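In what follows, a structure is listed as structure tokens, so that the remarks can point back to it.
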Amino acid sequence: MKQSTLLLSVLLTLTACQKETTTDLDPSQQHTWWKEAVIYQIYPRSYADSDGDGVGDLRGIIQHLDYIQSLGVDVVWLNPIFPSPNDDNGYDVSDYTAIMSDFGTMQDFDELLAGMHQRGIRLILDLVVNHSSDEHPWFQESRKSRNNPYRDYYHWWPAEKGIPPHRHSDMDPDLSAWRYDSLTNAYYLHYFSRKQPDLNWENPRMRQDFYKGMRFWLDKGIDGYRIDVASYCSKDTLFPEIDFTRYKSFGDYYCHGPHVHDYLQEMYREVFGKYDCMTVGEGNPWINTLDFTDARRKEFNMFYVNANDVVPKQMPDGSPLVTSDVKMQALRSFYTSQDSLLHDAGWPTVILGNHDLPRMQSYWGDDSTPELARLSSQALITFLMTMRGTVFFYGGDEIGMNNVRFEHIEDYNDIVTRSYYANILSTKGAAAAAEYLEQQKREGRDNARTPMQWSSDPQAGFTTGSTTWLKVNPNYPQVNVAAEEADSLSVLQYFRKACALRHTYKPTLVYGEYSLVDAHNPTVFSYLRTGNDERILVAINFSASPAVVDATLLKDASPCVLLDNYLDNQGLQVSEGKLSLRPWQAQVILL
Ligand code: GLC
């Protein structure tokens, strides 16, 4: 039978959609604050500079606490704020219990924490467990002699055993993770930069010393940790040759070693289990996140994985310009599998951008015109705010900041970009190095690290000084907080609405079931969230062309549009059983 043609033009606003909320939910779902949280990540170097030296600092964040509160977010994650020579911008820690002088003082930190708590915002810090700085006193001691008491705080390979089996480092100009130290005629391991020697978690004394630093901040009242490259702490310390006879997976040669769960469970007993805190580990696609987050195992609450890592690196024709529909399909399958993996235990996370990734608008969305930039940012926000799991949101994405796309290697600060560039230039020549720079315009980490764009004042209002540690994105006169506060169509205004919606419909949007709709649709990511006797349909067009998606669910419903990034009140366009969506249109519909 031919389906009746239905054209719905529903003019509905958030306030028009009346609903009753109840918190009477299945107790087995174990509701907690961190599951319900929208987490806002702040890269302190780039957020706001209070003293004019061109580097963001804690007082800069303090000055913007009311703004952060106005977003409606629940938790702030700060990238490392500890003393560091900044070879890898704070991920090379030289003292785990103090504040980096660039960022301020312990008094500033205390004021920041108090200011957040007064506003009902929690704070989590970034904990680097796999390595310290080579300027940390432990390493300074360790390298002095082979029988120094701190020798076994790190991994050493005596040179008389020959050259150690190859391990790769993204952050070394030689791309090698072993560095020879003539002082004791031995190599030390550094998976990251040569100034980030790997800590030896096999050593119980090191572990106990490490836990002291962790407790220090929790005792001060922080609300948890994001744990950097968490599964790297245990490795096969025989460092076998990588020949896939011993392990099948490349990652198993590097991390996720035989004692990883022992160490994380000990960490829980010694630290996390003593506090009401949240923990989220940084993972990668090759680990089973359930193994770390099943609450019964007492390790971490959550893991996040960058979905960018599961996107094909090129199109079938070999082009490196991967289109947004192909990315969406990878994203959809990644998040759908994650949801089923963590359905009965563990807890998912939702993330599209952070300090290690290009800007989400440029990578997942479309910044080719200001209109598409706005719409695609809003579409991505819709995804984040309507998925099951804890939401991670990277500062600056709420105003639709995009990739800066530096032209010259001198513009880059990131050690990954600089190390690879140097290596490619010396091994493959100038043309290959130029090609690498093009790729970095799409994928480089510095794209996400440019200063926050507060206003159209010089340096985007980030600093009163005349220089910034990394150049400001030249689009700041158009894309900035002040301009978006005054524009009802802006990404910022949409972010606040979407965040409020997530909280209002928490029983369904946070805890409710997730199921795919029109699972193979080439450009539209659509899913149903059900919980608390209500059903919410989400449809997001991941393309700059109009698209349709199956609308069977709308047939006998009295749909109410909760959120739409097109504000021209056209409502739902349903015809012949299909919902039509305009370029990058996102609709959230209460059925
Ligand atoms: C993590 C951090 C990244 C850092 C690396 C080494 O991946 O997110 O920024 O460079 O670990 O610590």
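The values are calculated or read from the model by the stated rules, or taken from the named source; none is laboratory data. Just so we're clear, the structure is a prediction, and the values are computed from it rather than from any experiment. Note that we place each Cβ from the backbone using ideal geometry, even for glycine, and neighbour counts take in every protein chain shown. All accessible areas refer to the heavy atoms of the entire protein, side chains included, with ligands and DNA or RNA removed. Shrake-Rupley method; radii C 1.70, N 1.55, O 1.52, S 1.80 Å.
Worth a mention:
- Approximating the spin labels as points 7 Å out from Cα along Cα→Cβ, the ASP487-to-LYS212 distance works out to 5.3 nm.
- Separation of the stretch 129-188 and the stretch 27-85, taken as the distance between their Cα centroids, equals 34 angstrom.
- Ranked by the mean number of other Cβ atoms within 10 Å per residue, highest first, peptides 94-107, 274-287 order as 274-287, 94-107.
- Using 0.36 nm per residue and subtracting the Cα-Cα separation, the extra length available between ARG442 and SER333 on full extension is 37.0 nm.
- Spin-label model, ASN185/ARG296: points 7 Å from Cα along the beta carbon direction are separated by 5.4 nm.
- Computed over protein heavy atoms with a 1.4 Å probe, the carbon and sulfur contribution to the accessible area of the stretch 57-209 reaches 47%.
- Counting every alpha-carbon pair across the stretch 453-578, the share separated by more than 18 Å comes to 66%.
- Computed over neighbours whose Cβ is under 13 Å from that of ILE121, the net charge equals -1, Lys and Arg +1, Asp and Glu -1.
- Projecting the Cα positions of PHE109, LEU199, GLY90 onto the charge dipole of the stretch 57-215 (unit charges on Cβ atoms of Lys, Arg, Asp and Glu, taken about the Cα centre) puts LEU199 furthest along the positive direction.
- FRET E, pair SER426, ASP66, Förster distance 56 Å, beta-carbon r, rounded to 0.05: 0.65
- Of TYR154, LEU264, ILE242, farthest towards positive along the dipole that unit charges on Lys, Arg, Asp, Glu beta carbons give the stretch 126-268: TYR154
- Subtracting the Cα-Cα distance of TRP33 and ASP236 from their residue separation scaled by 0.36 nm leaves 69.4 nm.
- Sum of side-chain charges, LEU528 neighbourhood, beta-carbon under 10 Å (Lys, Arg +1; Asp, Glu -1): +1
- Put a plus charge on the Cβ of each Lys and Arg, a minus charge on the Cβ of each Asp and Glu, and nothing anywhere else: the dipole of the stretch 441-548 about its Cα centre is then about 260 debye.
- Longest to shortest principal axis, alpha-carbon extents of the chain, angstrom: 81, 53, 52
- Only Lys, Arg, Asp and Glu carry charge here, each on its Cβ (+1 for the first two, -1 for the last two); on that basis the stretch 36-115 has a dipole of about 140 debye about its Cα centre.
- A Cβ-based charge dipole, computed about the Cα centre of the chain with Lys and Arg at +1 and Asp and Glu at -1, lands at about 800 debye.
- Ellipticity at 222 nm from helices only: DSSP H runs of n ≥ 4 in the chain, each -39500 (n - 2.57), divided by the residue count, give -8000 deg cm²/dmol.
- When the Cα positions of HIS503, ALA544, ASN532 are compared along the charge dipole of the stretch 500-547, HIS503 comes out farthest toward the positive end, with charges on each C-beta of Lys, Arg, Asp and Glu.
- Heavy-atom accessible surface of MET401, to the nearest 10 Å², is about 0 Å², with a 1.4 Å probe and all protein chains retained.
- Site pair ARG246 and THR97 shows an inter-label distance of 3.6 nm when each label is modelled 7 Å from Cα along Cα→Cβ.
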